[in-house]
Each structure stands twice: as C-alpha cells, then as structure tokens.
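Below is one structure; the comments refer to it alone.
The values are calculated or read from the model by the stated rules, or taken from the named source; none is laboratory data. Given the structure is predicted, the values throughout are model-derived calculations rather than measurements. Cβ coordinates were reconstructed from backbone atoms using ideal geometry, including for glycine residues, and neighbour counts include every protein chain displayed. The protein model used for the area step is the full one, side chains on, heavy atoms only, and it has no ligands, DNA or RNA in it. Shrake-Rupley method; radii C 1.70, N 1.55, O 1.52, S 1.80 Å.
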Number of protein chains: 2
Amino acid sequence: MNIRTNSARFLSDLHHLRSFGVCGTGVVRPAFSDADIAARKWLAGRVAEAGLQPEIDAIGNVFGVHPAQKSLLLGSHTDSQPEGGWLDGAFGVISALEVARASLEGNGPPVSVVSFQDEEGRFGGVGGSEVWTGARSLSDADQRVDSDGIPLGVARQAMAGMVTSQVDPARFTGFIEAHIEQGPELDLAGQSIGVVTAIVGFRQIDFVFEGRQNHAGTTMMATRRDAFQGLVTFTAAINDKLGDLVTPTTVWTVGHVLVHPNAASIVPGRVEFSVQWRDAKAELLEQMAQVIRDTAQETAVQCGLSVEAGVMAEIAPVPVDTDLRRALIDSAEERAPDRWREMPSGALHDASNVARVLPIGMLFVPSIGGISHALDEDTHKSDLLTGLEVLAGAVARLHPK
Amino acid sequence: MNIRTNSARFLSDLHHLRSFGVCGTGVVRPAFSDADIAARKWLAGRVAEAGLQPEIDAIGNVFGVHPAQKSLLLGSHTDSQPEGGWLDGAFGVISALEVARASLEGNGPPVSVVSFQDEEGRFGGVGGSEVWTGARSLSDADQRVDSDGIPLGVARQAMAGMVTSQVDPARFTGFIEAHIEQGPELDLAGQSIGVVTAIVGFRQIDFVFEGRQNHAGTTMMATRRDAFQGLVTFTAAINDKLGDLVTPTTVWTVGHVLVHPNAASIVPGRVEFSVQWRDAKAELLEQMAQVIRDTAQETAVQCGLSVEAGVMAEIAPVPVDTDLRRALIDSAEERAPDRWREMPSGALHDASNVARVLPIGMLFVPSIGGISHALDEDTHKSDLLTGLEVLAGAVARLHPK
C-alpha cells in the first residue's frame, strides 16, 4: 500500500509552526514559554482536525492518538533552544502529523503523533519523554529548576488548564523519530537521508593536572612542572592511541579547558579539562575509557604532575529496532536511491528515552552546513520532502495490507 | 682593602623593614601604601644615621647619597607585590645600606644606596627606575592608573611632603643590584650565589586560532576544524623545533589560554593563547620568533584553521658590565668557592632601566623552592650573609686602595 502525503499542506503546517516564537529565520520557543504553549495548543487542534484524539499529559507532551487499539507513534518535539532553528524537532512532529493524516485519509495503517515537552532542556534535556517513559517521576521532575531558578512544577502550571490525561505507551507498537541531522555529514556528502543505526553512547571524564605554578622567566624548562604542557602531551597521546582503536564515526573531544592562573608570564600550575567520547558500541566506549585513564596517568608521571579524574559520566548507546530500521532502509532505497546512508546519531534524542518502552527507529535529513542550535539552522525544501516521503514509505511497509 | 660588614646589624635592619606591612611570613607593602611610605621614611632616616645624604625624588625613589663627587650606587626596591615576600627588593636595599655604612666606617670606597619606587608595578613595573633614568617622563607616569583606577599622580601626593630633590645619575659610577633569584635553580643546585650574565630579553605574541564551533556528538573527527586541537599541534611542534635551537637557559611558555565556547559537548571554534619566550641573546629571540610565527601558519594550514597574530611585545636583553661582573665573580669565588654560578636573570629588574644611564651588575641569592611573589618566599640566613659578603667584596675590588 501507499500513503499519499500532501507536500503543500506539510510545508504550510511547518511554516505555521515556525510563526510561534519566530525570530529572524529561527525560533525562540523554549518549553512552557508563551510561544511554546501556543504552539502546543495549535498542534492539539491540528491533530483533532486530522481525526486523531488530542491528549496533553501533565508534563505537557502533546499527543494525537489514533482511535485503533494499537498504532505506530511518530513524532519529536516542538520546544526549542533559547535561540533555536525552525526545524529542530518541528520537522519530526509535522512530518508525523502529515503521515498520520494522509494515512487516515487513505485508509492506511493507524499512526499516532507526539510532541514531547522540553527536549531542549530548559529543565534538563529530553525531560518530557523521560517522564512519559517512567525513567523519572513527575514529582521528581517538578523539583528541577531552570537557569532563572524557576521549578518545572511552577512553570508547567501555565499549561494546567490544557491537560487531558496520561497516554499509555502500551497503545503503541513502536516509535519513529524523524529529525534534522545536526551535523554536517549528509550535507557534505550531498545526501538526503540518514537511517540511524544506533543513538551513540556518551562518556565523559573531567580531569585535573596539577604541577607547579612558577615564574615564566626564572624557571628553566628542565625544572618546570607545567600543567598545560601536560594537557598538550596527553591530548596528542590519546589522539595517537584512539586513532588506532576506533571507527570513522567514533568521536572524542577536549572541549572545556581552564588554565590556572592563566597569565602569559606564569608557568601554568593547574589545568582542568574535559574529555568526552561517543560511539554506538558500549565495548568500544569502555576500551576508550581505559586508554584515556591510562594515558592521563602516564602523562602525569612523564611530566611530573599529579592527576585527578572525576567520576565518569555515562549514557549507554541505544540500539535501533531491526524491523523499523529495515523499513526505513527499504523506503530510502526506493525514494532516494544513492542519496541515503546509514549512520549513528551522535546526539541524544527523545527516541533514546522511548527505547525503554517501545522499539524505535530514526531518520535524518541534512542540516545545511551542519548548523544546529542556532537561528540560521536550515534544510533544503527538497530534502524535507524526501524525508517526509521516506517516513511515509517506511510506515506503509510496516503495515502491509 | 676589605669592607667589614656587620651581620647582626644587617639582619636587624632586614627584619625591621619586614615589620612595615608584615603579613604572616611575608609583607603587604605596595607602592605608596601607608606601609610603603613608612618604610621609605624609616630608610631615609637610616641612611642619614649612616652618614649618607637622604634624598627622595618626586616619584618616591629614596636615595642615600655619599658626599663624594662620584660613588658606586647599590640598591633595589622596598615596595612589594600586593602579597609579597619579605626579601624581594628588601635584600638588595638593606645589603646596600650595610655595605655603604660599613664602607664609610672603614674609610672604604664611596657607596650610595637606593630604593626605587613601584618596582612591583602597582602602576606598571619598574616605574621608579624608569622615570629616574628618563625612559618615561614624570607627567606621563602620573597618568598611569592602578587596578582601582587611581592615577599615580594622585597616589604620590601622599609622599609629597617628603620629597627633597632629584638625584642626578651622573653622581654615580655604576649600579649593582643584589636580589633574590625568584627561581629554583640555585636552590636545586645547592648553591649560594648567582652572578648575572645578562637580564634576558622578552618577546610575546598573542595568537588566535579560529576553526568551526560544532556539536561534539554529530561532527565526525574527519570534518572537524577544532581550534583547541590546533593549539595542541602548535605547542607540540614548537617544543620540538625550539628544543633544537635554544640553550639550557632559554625559556618559552604558553601561559594564557582561552577556549571558546569552552563546553565539554562543543568542538572548540576558537582559541586565544599567548606564547612568551626569553633569552639573553637578541639574535636567538629573533630566530625563535620566526619559528613560532611559521609554526602557527603551518598549524593553521594543517588543521584547517585561520590564525591571527597580535603585535609582538618586546623587551631587549640587557648586558651586564664586564668590570662589575668580573668583580662579582672574583668576590664569589673567594667567599663561596664551588657555591656560585653565572646565570642570566630571567626576570626584569630596576637594573634593566638603570643600564640606560650606568654600567650595571647583578647578584642573586637563592629562593627556597623557587618561591617568589608569595608570602612564603624565603632564603636561608647563611645565603643572605654570603650574598652580603660577596657584594661587599665586589665593591672593595672595584675601588682598590
């Protein structure tokens, strides 16, 4: 069977959603802002017009539930970063709306829609899907505060009058999230579709090297214990060693560096820095942890420093369901032959939480120039439409008639 | 001839000077503070008691001038860092006082004493000697402000009632500054005396590498333009190249580093950093500048970054007078055989300015653990006394009777 989506209606809804909190080419629509609440109210109306049952749960997730006993859930989020792009989350929600609507019109398979709340982390990332999947209780989430000190429990009162009821995850057979890539890989390769193989896991250790702060004129090179030189030695060494161990999609980053006392005339006595690494395979993440820890110790000995390693932060990789992935691959191959690839998701998504309760799949469209979390994030219209068609095609494949 | 110094009197005066602004084992006596002014008033009284003519010039330099038409000038400074050690500057001034006094008592050669004002840079380093030697006009110096925005012209009003007259540098035949080493080299070697070969020159360039800020999960290693990785590559490369070029007393330092946006999950898009290098030879400083500039360019190309180099800051090396150096060497060899060495001064001193108008020499005593510009700076009493004797011996050698 086929699900005949309406491109014009899809684009019109996508642009309408952009009007809530529009700011230049992007949007300012953080969770529970007036713009966010207005967008959620509009979405609830739009799913109702499509023939789905609108439901808004206590934390502000908006559903459009198909009347069938079981349906496939599609969606993402409609809240934005403090200054965000117009498609981050929005593409996944409006493509879900269009596929669900087109499927209803064409007597296709039952499809439901969701926009999770606070994916962008005003109160901590992927918060709406975290509560929906039971990974965090609502009362616990209510204690979380934003950067102004406002608790979520207070902020969500602004939506209290809209809440209908909780939606049971058991209503759904699986979840597919379409999303912008938020990286440059598809755009650089001139491709339109990424079928996600896994959502990568994440580890991070914050280290401190301590040496001896000294006068940069009177302390000879041979007697220095320069903490910044330790970081240089360490970083070069892990680059060498990890390069031999990893795959082309493994990443590692030294992104946060504080040098003390940070003066041109003083030999640095202390440096604090983060090492973060991501991969789809838990075993590889663990091997990398070993290399990184060992190298920090070796560097400390070599450079006459002491080293402290903080507690390792850890998020496990999330596998993608084989059947959903297969449906997306087959659909991509049909609609965009030679213009798709399989790839891991380097970023966390609501699908990471949903994987606890449902099989998940994910689909990427390119981000022009890899730009994300910025007002000038964008995707070519043709790629948005290809993404919509590939999603519709995958849904049709999952429910052959 | 011999100059018979009085160790007890010398140590008593040194400890008395410490009482002005004493703070734990160190002192808080920045230029023009109440403690600094009280110390200068005491010093003027002490040189008068010794039979020297006390003079205080407009910027606050305190002299004890020998009545002879020409004399040898000894001294350093009595102001301190905001939190400083008790011997930094003080050792040079009180050893000068004791040698001048002992020489007068023993009918030795004519010796004058100086404590320059604001060596530690409340209004910019070595300010008192800069004005005394004509390198900066008093009216220009008066415009300089401290970190609270107070101009020197206002601050020095607190000493206005003490000013006598300017002292003509032509009154002196040369200048010897005794000082603590402010580095660990003598202490590590178990030596008591450093005879300074030159005050090293100094160069500094502040660089910026600009790459592309990106998501640390979604941007593959191969497509990154990571500015911090550029700094790692650059630093390792200059370490290699400079290592082949320099002498054991040449130093270079990356002491100031700012990473943008400095977040663990973001590939650094920009890094600002300082490279500072010091050596006694101007030609070598220039060769190093070439290596450092070239390596920054090469790194930028290699890592896909752009590079900006700021204007190079530059202070030329200051040579030491051959005769003064010879007198110090011969005296050190006599008083402390096998416990002295020749060495460059890695730090700037008042002698750097005085070299514009007089032949200069410098003498170091060890800093325990290399600690300087800190309340716990110290030197063993035996080394202070050896320093005093070597200074007296050098003065005696310069004026054979």
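Quick notes
- Any hit, the range B:297-319, residues being away from chain A (no Cβ under 13 Å), without any contact (Cβ under 8 Å) to a residue 40 or more places away in the chain, assigned to a helix (DSSP H, G or I) and farther than 30 Å from B:Glu83 by Cα: yes
Yes/no matrix, rows are residues, columns are (1) hydrophobic (A, V, I, L, M, F, W, C); (2) within 22 Å of B:Pro169 (Cβ to Cβ); (3) open to solvent by less than 10 Å² (accessible area, probe 1.4 Å):
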position	(1), (2), (3)
B:Asn6	no, no, no
B:Phe10	yes, no, yes
B:Ser19	no, no, no
B:Val22	yes, no, no
B:Gly26	no, no, yes
B:Gly51	no, yes, no
B:Val62	yes, yes, yes
B:Leu73	yes, yes, yes
B:Leu87	yes, no, yes
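- The one condition in (1) more than 14 Å from chain B (Cβ to nearest Cβ); (2) in a helix (DSSP H, G or I); (3) surrounded by fewer than 24 Cβ atoms within 10 Å (Cβ to Cβ) that A:Val167 fails to fulfil: (2)
- Residue in the range B:204-220 that is under 30 Å from B:Ile368 (Cβ atoms), open to solvent by less than 40 Å² (accessible area, probe 1.4 Å) and out of contact with any Pro (no Cβ under 7 Å at 6 or more places or on another chain) present: yes
- Enumeration of residues in the range B:57-102 that are assigned to a loop (DSSP other than H, G, I, E, B), in contact with a Ser or Thr (Cβ under 6 Å, 6 or more places away or on another chain) and over 11 Å from B:Ala178 (Cβ atoms): B:His66, B:Lys70, B:Thr78
- Annotation: B:Gly161 fulfils all but one of (1) more than 14 Å from chain A (Cβ to nearest Cβ); (2) over 24 Å from the mean Cα position of the chain (by Cα); (3) in a loop (DSSP other than H, G, I, E, B); the unmet one is (3).
- Residue list for the range B:337-386, filter: hydroxyl-bearing (Ser, Thr, Tyr) and under 21 Å from B:Gly174 (Cα atoms): B:Ser345, B:Ser352
- Within the range A:206-239, the residues that satisfy the criterion of being within 10 Å of another protein chain (Cβ to nearest Cβ) and assigned to a loop (DSSP other than H, G, I, E, B) are A:Arg212, A:Gln213, A:Ala216, A:Gly217, A:Thr218, A:Thr219, A:Met220, A:Arg224, A:Asp226.
- Condition met for B:Arg40 (closer than 29 Å to B:Val357 by Cα, out of contact with any Asp or Glu (no Cβ under 8 Å at 6 or more places or on another chain) and open to solvent by less than 20 Å² (accessible area, probe 1.4 Å)): yes
- Selection count, the range B:171-205, where residues are assigned to a loop (DSSP other than H, G, I, E, B) and in contact with a helix residue (DSSP H, G or I) (Cβ under 6 Å, 6 or more places away or on another chain): 3
- When the range A:178-193 is limited to residues that are out of contact with any strand residue (DSSP E or B) (no Cβ under 6 Å at 6 or more places or on another chain) and charged (D, E, K, R), the one that is modelled with the lowest pLDDT turns out to be A:Glu185.
- Within the range B:181-206, residues that are farther than 22 Å from B:Leu87 by Cβ have Cβ atoms under 8 Å from residues that are hydroxyl-bearing (Ser, Thr, Tyr) in these pairs: B:Ala198/B:Ser345; B:Gln204/B:Ser274; B:Ile205/B:Ser274; B:Asp206/B:Ser274, counting only partners at least 6 apart in sequence or on another chain.
- Within the range A:257-270, the presence of at least one residue that is over 30 Å from A:Glu181 (Cβ atoms), surrounded by fewer than 15 Cβ atoms within 10 Å (Cβ to Cβ), modelled with pLDDT under 95 and not basic (Lys, Arg) is confirmed.
- All of (1) in a loop (DSSP other than H, G, I, E, B); (2) touching a helix residue (DSSP H, G or I) at 6+ places or on another chain (Cβ under 7 Å); (3) surrounded by 19 or more Cβ atoms within 10 Å (Cβ to Cβ) hold for A:Glu377 with one exception: (2).
- Residue count for the range A:245-288, restricted to those that are within 21 Å of A:Val320 (Cβ to Cβ), in a helix (DSSP H, G or I) and not acidic (Asp, Glu): 3.
- Looking across the range B:257-295, the residues that are among the β-branched types (Val, Ile, Thr) and either within 10 Å of another protein chain (Cβ to nearest Cβ) or in contact with a Lys or Arg (Cβ under 7 Å, 6 or more places away or on another chain) (or both) come down to B:Val257, B:Val259, B:Ile266, B:Val267, B:Val271, B:Val275, B:Val291, B:Thr295.
- Scanning the range B:240-249 for residues that are modelled with pLDDT of 95 or more and either facing chain A (nearest Cβ under 7 Å) or open to solvent by less than 10 Å² (accessible area, probe 1.4 Å) (or both) gives a single hit, B:Leu242.
- Considering A:Glu298, A:Glu314, A:Glu283, the condition of being more than 30 Å from A:Arg356 (Cα to Cα) and either charged (D, E, K, R) or surrounded by 19 or more Cβ atoms within 10 Å (Cβ to Cβ) (or both) is satisfied by A:Glu298 alone.
- Residue that is surrounded by the most Cβ atoms within 10 Å (Cβ to Cβ) [pool: residues in the range B:326-343 that are aliphatic (A, V, I, L, M) and under 17 Å from B:Arg397 (Cα atoms)]: B:Leu328
- Residues being closer than 15 Å to B:Ile315 by Cβ, touching a strand residue (DSSP E or B) at 6+ places or on another chain (Cβ under 7 Å) and polar (S, T, N, Q) - total across the range B:340-386: 2
- Tally of residues being away from every other protein chain (no Cβ under 11 Å) and at negative phi across the range A:183-197: 6
- Residue ID - farthest from the other protein chains (Cβ to nearest Cβ), chosen from residues in the range A:348-369 that are surrounded by 23 or more Cβ atoms within 10 Å (Cβ to Cβ) and within 22 Å of A:Pro30 (Cα to Cα): A:Val354
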